[in-house]
Amino acid sequence: MATLATNALETFDVDPLDVSRAELYRDDTWHEPFAKLRATAPVYKTEHSAYGTYWSVSTYKPIVEVESLPDLYSSEAGGITLADFIEDSDVRMPMFIARDRPVHTGQRRTVSPAFTPSEMVRMSADIRRRTEEVLDSLPWGKEFDWVDTVSIELTTQMLAILFDFPWEDRRKLTFWSDWAGDIELVKSEELRKQRLEYMYECGAYFQNLWNQKVGKPQTPDLISMMIHSDAMSHMDHFEFIGNLILLIVGGNDTTRNTMSGLVYGLDQFPDERAKLEADPALIPNAVSETIRWQTPLSHMRRTATADTELMGQEIKAGDKLALWYISANRDETVFGEDADKLVVDRPNARRHLAFGHGIHRCVGARLAELQVGILMEEMAKRRMRVNLTGGVERVSACFVHGYRKMPVELTKY
Ligand code: HEM
């Protein structure tokens, strides 16, 4: 059995069911250990891992149970990823995704108006225009990287619109978000410090934007919305920056990796691609199915606040639990034996857990669906087929589930 060394130079036998290992995602070999967990131990304790001891919750039902009991399973006690907070080398920026009630309720209510159906209608013309521009600038019959040219560009543009962020600096959003969301940094003190520096830089930049908007009439962007709201206007500097970073990270990697997952999935399943190309009315369902199939965030973490029991397992106060959406979205009892396949007309695709469940369910879900739906519609209008021309490079992490590089070439169908 292989052994692993942690920061503290402690060594231990690698648990083959330790699904927090980054290489499982880098190499796309996570399917088998999760299938084993679902079949034999849906609530399973890994004693030793790079993140310490944790429970893996890998099927649909117990994840819904945990997320339905937010007082018993806290988002605040230990944060929302398997990586623990480290005093001195991490910046504590409270975000409402990592707060419990009642603070969570008030802060979430502040940003929710930015994502209502009427806001989506208002934003959709802008999103479509930007998407058209990006698609019309692509080379046909020539290799390029889909991740950088399309997925990153479109999601970054959308965030810039949402925040009224200086257009020419918009790639800074991508840069900060990539650093903020990288939980693998837990393994290097030096990189954590580097991240801290970038987060301060991000904070200073946003503080400047904030200062420019304070005392001015409200405009329809998130910064102005936060300034003019009760819950948010009483926040201190760190809370304000933390919540901005939450919105950037929340809207960045996730939608980006759905857009890349779409191309990868359709390339893997040409029969499904043919179905979609023949019938664009399938697009809304295919959006949900792509999000299910990709599951851009593999897990969220909760910490038990009291001794309890979950599917026959004894959970102690203080235990940490990883809710593996990536596995629940492959749960055969919910999605059938073909759960590993992207099926554009899957009847229950919308039941996926990629947006989570309960009081923390993704606030940006509608915006993400809107962006991906528009991308698919505009590709269909251009009869654009995106073909992989080489191997993809994946993100090496158990939190963000996605792609770094995806060489492609466009053809017409
Ligand atoms: C929360 C996934 C897009 C902002 C979450 C959660 C997940 C998630 C799993 C936590 C749910 C839980 O703990 O139960 C996704 C996926 C997306 C996406 C898969 C794209 C396909 C977005 C976008 C935004 C956004 C576009 C905003 C621009 C947020 C925020 C929260 C959140 C602010 C915290 C909600 C709360 O704690 O109440 N998202 N997200 N997300 N997401 Fe998303």
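Assorted remarks:
- Filter result for SER327 (under 30 Å from PRO94 (Cβ atoms) and at pLDDT 95 or above): yes
- Across segment 235-275, the qualifying residues are those that are in contact with a strand residue (DSSP E or B) (Cβ under 8 Å, 6 or more places away or on another chain) and aliphatic (A, V, I, L, M), and the one among them that is nearest to LYS341 (Cα to Cα) is LEU266.
- Among the residues examined, THR131 qualifies as within 15 Å of the ligand (Cβ to nearest atom), over 30 Å from LEU196 (Cα atoms) and either in contact with a strand residue (DSSP E or B) (Cβ under 6 Å, 6 or more places away or on another chain) or in a helix (DSSP H, G or I) (or both).
- Complete set of residues in segment 348-400 that are within 13 Å of the ligand (Cβ to nearest atom) and on the phi > 0 side of the Ramachandran plot: GLY356, GLY358
- Criterion: within 16 Å of the ligand (Cβ to nearest atom), at pLDDT below 90, of a type outside the set (A, V, I, L, M) and surrounded by fewer than 17 Cβ atoms within 10 Å (Cβ to Cβ) - qualifying residue of PRO113, PRO102, PRO94: PRO113
- Of the numbered criteria (1) away from the ligand (no atom under 11 Å from the Cβ); (2) over 19 Å from the mean Cα position of the chain (by Cα); (3) in a loop (DSSP other than H, G, I, E, B); (4) modelled with pLDDT of 90 or more, the one ILE86 fails is (4).
- Qualifying residue in segment 330-350 (condition: in contact with a Leu (Cβ under 6 Å, 6 or more places away or on another chain), farther than 27 Å from THR59 by Cβ and surrounded by fewer than 23 Cβ atoms within 10 Å (Cβ to Cβ)): no
- Of all residues in segment 270-312, those satisfying the criterion of being of a type in the set (D, E, K, R) and either closer than 19 Å to TRP324 by Cβ or assigned to a helix (DSSP H, G or I) (or both) are ASP271, GLU272, ARG273, LYS275, GLU277, GLU289, ARG292, ARG301, ARG302.
Rundown of residues vs (1) more than 9 Å from the ligand (Cβ to nearest atom); (2) at pLDDT 95 or above; (3) within 12 Å of the chain's Cα centre (by Cα); (4) crowded, with 24+ Cβ neighbours inside 10 Å, yes/no style:
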residue	(1), (2), (3), (4)
LEU266	yes, yes, no, yes
ASP271	yes, yes, no, no
LYS275	yes, yes, no, no
LEU282	yes, yes, no, no
THR290	no, yes, no, yes
THR295	no, yes, yes, yes
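- Checking ASP253, ASP236 one by one, the residue that is of a type in the set (Asp, Glu), modelled with pLDDT of 80 or more and either over 29 Å from HIS401 (Cβ atoms) or crowded, with 18+ Cβ neighbours inside 10 Å (or both) is ASP253 and no other.
The values are calculated or read from the model by the stated rules, or taken from the named source; none is laboratory data. Just so you know, these numbers come straight off a predicted model, no measurement behind them. Positions of Cβ are generated from backbone atoms using ideal geometry, with glycine treated the same way; all protein chains shown enter the neighbour counts.
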